[in-house]
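Nothing in this text is a laboratory measurement; each read-out follows from the coordinates by a stated rule. Since the model is a prediction, treat every value here as computed from it, not as a measurement. Don't worry about glycine lacking a Cβ; one is built from the backbone with ideal geometry, like all the others, and counts go over all protein chains shown.
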Protein chains: 2
Amino acid sequence: MATTQTRRRADAERNIAAILDAALVSFTEDPQASMAAIARAAGVGRVTLYAHFPSREVLLEAVLDRTIAAAGEVIEKVTPGEGPATDALRRLLQSSWHELDQHRKLFDLAQRELGATRLRQRHREVVDHVESLLVRGQQEGVFRSDLPMAWLVTTVYSLLHAAADDVNAGRLAAEEAAGVLEATLLPALASR
Amino acid sequence: MATTQTRRRADAERNIAAILDAALVSFTEDPQASMAAIARAAGVGRVTLYAHFPSREVLLEAVLDRTIAAAGEVIEKVTPGEGPATDALRRLLQSSWHELDQHRKLFDLAQRELGATRLRQRHREVVDHVESLLVRGQQEGVFRSDLPMAWLVTTVYSLLHAAADDVNAGRLAAEEAAGVLEATLLPALASR
């Protein structure tokens, strides 16, 4: 039996979901998309939009967080914690690229609006998967231990995003990216 | 014997140099630095500033171009076209990092204001050195030929800039960066 309060909460959640869906599409199609345009696309009033997301930046961060959380779930499904570490890294790269490829334009916008440091901070969840796997591979002796762990994580993170930039700029075919990343990162990370 | 015209040209050149010097310092110390503040720091009027650089973006691009051109000259001095390609790559990485390290904040700002694609375009001059060296190393058989050349160039370019981001974010010590870049890039680029 829905009380007024639970009905209101359900309305709010529906609105938030509609806004995040609309914002993802809007930001991807037009990086300049205004809050007014996003409210229209979401079918909510501007007052409702601003009640949930007081600024364009807060909204962009929320869209990004949801996208990265979804990527984290996809990465978990390929079980990077299981099997030989090198094979697990291949699966992790494939699934990470697949997710990133779908949101290349969003990340390009986020890089500009939030800057490199804040964008990286918001990736904590996916970056943690990379770090755990690298640590496990070091313990197995297949990944190198001669460089700081933070740098090895940066190497994976930054080449993935560099591949997205290259696809955006027309320098790399999207279908080639996963293979090229694997061929570059495996020797860069391997122990000798 | 200076004519009025050559005197005027000399004045203009002096002003432009003063503006670019002041803008480099201002952008580095405060990414939000206004055109008015830069004019003040350069000791020129706002009218003069805008006559040479009609917008903040045009000014930022000019500062960036001058910085990258200077880096290109430093890289040339380490003669990347001479000696074994692997040794030449070490020298190129060392000198590139040295230049980039001095301008980490400027590049962070430029990445945000211009976006990844335009920032990369403005690096043509230094990126050409990387490409020539990689081609030479392929001919010598020491660098890999199994991946697109544009991607190998991206790998070098993006890891250099990722190191700058890591130093900016406090994840990597500036003194460690050149060594870490060399240790990562040599195996990533080596032929097998």
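The per residue volume of the convex hull around the alpha-carbon atoms of the stretch A:73-192 is 96 Å³.
When residue A:14 is represented by a point 7 angstrom out along its Cα-to-C-beta vector, the spacings to that point in the other copies are 7.2 nm, nearest first. Between the residues A:121, B:162, A:152, the greatest Cα displacement towards the positive end of the dipole of the protein assembly as shown, with unit charges on the Cβ of Lys, Arg, Asp and Glu, is found for A:121. Between residue B:128 and residue B:32, the FRET efficiency from the beta-carbon distance, with R0 = 22 Å, is close to 0.10.
The C-alpha radius of gyration of the protein assembly as shown, expressed as a fraction of 2.2 N^0.38 Å, stands at 1.12. Placing +1 on the Cβ of every Lys and Arg and -1 on the Cβ of every Asp and Glu, with nothing else charged, gives the protein assembly as shown a dipole about its Cα centre of roughly 1060 debye. Seen against the Cα atoms of chain B and their longest principal axis, helix B:56-77 is set at about 50 degrees.
In this Cβ point-charge picture (+1 for Lys and Arg, -1 for Asp and Glu), the stretch A:1-102 has a dipole of about 500 debye about its Cα centre. For residue B:105, the lysines whose Cα comes closer than 27 Å to its Cα, not counting residues fewer than 8 places off in the same chain, are A:105, B:77. What whole-number distance in Å separates the alpha-carbon centres of the stretch B:120-151 and the stretch A:1-53? Rounded to whole Å, the Cα centres lie 47 Å apart.
Quick one: dipole size for the stretch A:30-158, taken about the Cα centre, charges +1 on Lys/Arg Cβ and -1 on Asp/Glu Cβ, in debye to the nearest 20.
420 debye
Assuming R0 = 41 Å, what is the FRET efficiency of residue B:74 and residue A:4, from their Cβ-Cβ distance, to the nearest 0.05?
Working from the Cβ atoms, E equals 0.05.
Summary value for the stretch B:2-159: 21 percent relative contact order, contacts being C-alpha pairs under 8 angstrom separated by 6+ residues.
Simple rule: put +1 on each Lys or Arg Cβ and -1 on each Asp or Glu Cβ in the protein assembly as shown, find the dipole, and look at B:184, A:71, B:89; the Cα lying farthest toward the positive end is A:71.
First check a/c for the stretch A:1-73, with a ≥ b ≥ c the square roots of the eigenvalues of its C-alpha gyration tensor; if it is under 1.5, answer rounded, and if not, answer prolate when a/b is larger than b/c or oblate otherwise. Oblate shape, in that a/c is at least 1.5 and b/c is the bigger or equal ratio. Give the distance, in whole Å, between the Cα centre of the stretch A:169-189 and the Cα centre of the stretch B:82-100. The stretch A:169-189 and the stretch B:82-100 have Cα centres spaced 23 Å from each other.
Seen against the Cα atoms of chain A and their longest principal axis, helix A:149-168 is set at about 60 degrees. Annotation for residue A:135 and residue A:55: the two label points, set 7 Å from Cα along the Cα-Cβ direction, are 3.4 nm apart. By how many degrees, between 0 and 90 and to the nearest 10, does the Cα long axis of helix B:104-122 differ from the longest principal axis of chain B? So the inclination is approximately 70 degrees.
Using the rule -39500 (n - 2.57) for each DSSP H run of four or more residues, divided by the residues of chain A, the 222 nm mean residue ellipticity is -26500 deg cm²/dmol.
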